[in-house]
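What follows is one structure encoded as structure tokens, with my remarks underneath.
The values are calculated or read from the model by the stated rules, or taken from the named source; none is laboratory data. In this text the structure is predicted, and so the values were computed from the model without any measurement. Don't worry about glycine lacking a Cβ; one is built from the backbone with ideal geometry, like all the others, and counts go over all protein chains shown. The accessibility values were calculated without ligands, DNA or RNA, using every heavy atom of the protein model including side chains. Shrake-Rupley method; radii C 1.70, N 1.55, O 1.52, S 1.80 Å.
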Amino acid sequence: FKQKTAYEIYQCDWSSDVCSSDLRLFAHWKSGLLYLEWHDASGTKKRQALGHSDWTVGKLAADERAVLLGRGTPIGRVSLNALFDNYEVEVTPHKAVTTQKHDSRSIALFRKAWDCTRPADSLNRSDWDAFIRARRSGTLRPKGRKKLATVRDRAIEQDLRLLLAVLNWATKVGYDGGLLLERNPLHGLPVPREKNPRRDLLRDADFQKLLAKAPDVHPMFEVFFLVIHETGHRGQSVRLLRWSDIDLEAGTIRWRAEADKIENEHVTPLTDTAVAALRRWQVSQKRIGDGWVFPSPGKPSQPVRRELVRDWFEQAEKLAEVPHVRGRGFHSLRRKFATERRHYSLADLQHLGGWKDHQTILKCYQRPELDELRAAMQTPLKRVV
């Protein structure tokens, strides 16, 4: 089994009850695939094929094996630290940008809540309940958030859904023919659900007031606000639009998978109002090609920051004297879009707004209108005889 000194070799030197010499990570001289090698307490050489050539992932596996051997922990009991490290290297980078940030924020909370050098399969109901209590009270909060404030169940649910996803992923992957976890130790535990989620809908009268004041906030905000209203898409997707995604002649817009929360690449038509606004904006910006439709005012090579457009929304509320409702932002335009088009077929509406399924539209976005409910009640019934 030849090795070339040109390949990097990662070594750990120690002795323990289960390992008598160093652990090495090296690449095969021909294939470049990585291997782990060590001697057990009896002096027998052990070798584990990792099945890939990624040194970053390989070093994580070497560190995990070193911990297991050095502490005498039975091979196969992966630590929480190693589990989170592997997930962030192998899974998180393939998610949307905002989801990657959520993964990083939530995993940091798990590391803060527990001693993550412990085996992952040692998690239990007590850990689960303690995490919920700490998050709900605000004592466990993301780095940089100094103010103590209670947290709603929706945020806790998102954290725990990620934890379950990590544990479930570990039951399906592994090295050397074994799985990282034999089972999910937290499977079946109740996840907190928001009883009264905030899903405010921006009424048309308030929309018109905000739109009238939008140019006073910033010229870009008027177009940004209008495009969200006319397309029904998420603010994140609109924020990451490039001019190459928009065909003003055909009146269409392409929503790229990497800029979409559910990675749903699709093309939708643009209204005449949106085309006119985008055409004026393109002329004023003198930008074509692959440039950002909504560039950062201070750094045109980057898209406008989410925090900035959120601040613009709040400024428009003040100028228009529209009462601020906590939790209402650009997503209220998405609910307006779905509610005003409830007479469309669900299949068409699902495609137009880029929803994952029609159940999400019915459950989370469309709102009953009092006038229509009253009209429905006054409609003569066809009596069954």
Simple spin-label model, 7 Å along Cα-to-Cβ: ALA212 to GLU307 in nm? 3.3
Against the empirical 2.2 N^0.38 Å scaling, what ratio does the C-alpha Rg of the range 149-240 come to? 1.75
Tell me which GluC sites (Glu not before Pro) from the range 321-385 have a DSSP coil assignment and no more than 15 other beta carbons within 10 Å of their own. GLU321, GLU369
For the range 189-333, dividing by residue count, accessible area per residue (probe 1.4 Å) in Å² works out to 51
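Probe of 1.4 angstrom, ligands and nucleic acids ignored: what's the accessible area per residue over the range 38-154, in square angstrom?
Numbers: 6100 Å² over 117 residues.
Per-residue accessible area for the range 38-154 comes out at 52 Å².
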Could you order peptides 299-312, 322-335 by the average number of other Cβ atoms within 10 Å of their residues, highest first? 322-335, 299-312
With label points set 7 Å from each Cα along the Cα-to-Cβ direction at TRP114 and THR252, the distance between them in nm comes to 4.8
Give me the compactness ratio for the chain, meaning the Cα radius of gyration over 2.2 N^0.38 Å. 1.27
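What net charge do the residues around PRO323 carry, taking every other residue with its C-beta under 15 Å from that of PRO323, with Lys and Arg at +1 and Asp and Glu at -1? Please report the intermediate quantities before stating the final value.
Working: positive: ARG198, ARG203, LYS209, LYS213, LYS318, ARG326, ARG328; negative: ASP200, ASP206, GLU314, GLU317, GLU321.
So the surrounding residues net to +2.
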What is the P(r) of the range 95-250, as percent of Cα-Cα pairs per 5 Å bin from 0? 1, 7, 12, 15, 13, 12, 11, 10, 8, 6, 4, 1, 0
Could you pull out the trypsin sites (Lys or Arg not before Pro) across the range 184-249 that fall in loop regions by DSSP (anything but H, G, I, E, B) with no more than 11 other Cβ atoms inside 10 Å? ARG193, LYS195
Sum up the charges of everything whose Cβ sits under 12 Å from the Cβ of THR171, counting Lys and Arg as +1 and Asp and Glu as -1, but leave THR171 out. 0
Placing each pseudo-label 7 Å from Cα in the direction of the beta carbon, GLU369 and THR139 end up separated by a distance in nanometres of 4.9
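Using 18 Å as the Cα-Cα cut-off, could you pick out the over-long pairs in LYS209/LYS318; LYS101/LYS143; LYS59/LYS172; LYS209/LYS336? Intermediate results must be reported in sequence, preceding the final value.
Working: LYS209/LYS318 11 Å; LYS101/LYS143 13 Å; LYS59/LYS172 21 Å; LYS209/LYS336 15 Å.
Violating the 18 Å Cα-Cα cut-off are LYS59/LYS172.
In whole percent, and with a 1.4 Å probe on the protein chains, what portion of the accessible area of the chain is carbon and sulfur?
Values: 10800 of 21240 Å².
So the carbon and sulfur contribution to the accessible surface is 51 percent.
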Efficiency by 1/(1 + (r/R0)^6): what FRET value for LEU381 and ARG342, r their Cβ-Cβ distance, R0 = 25 Å, to the nearest 0.05? 0.70
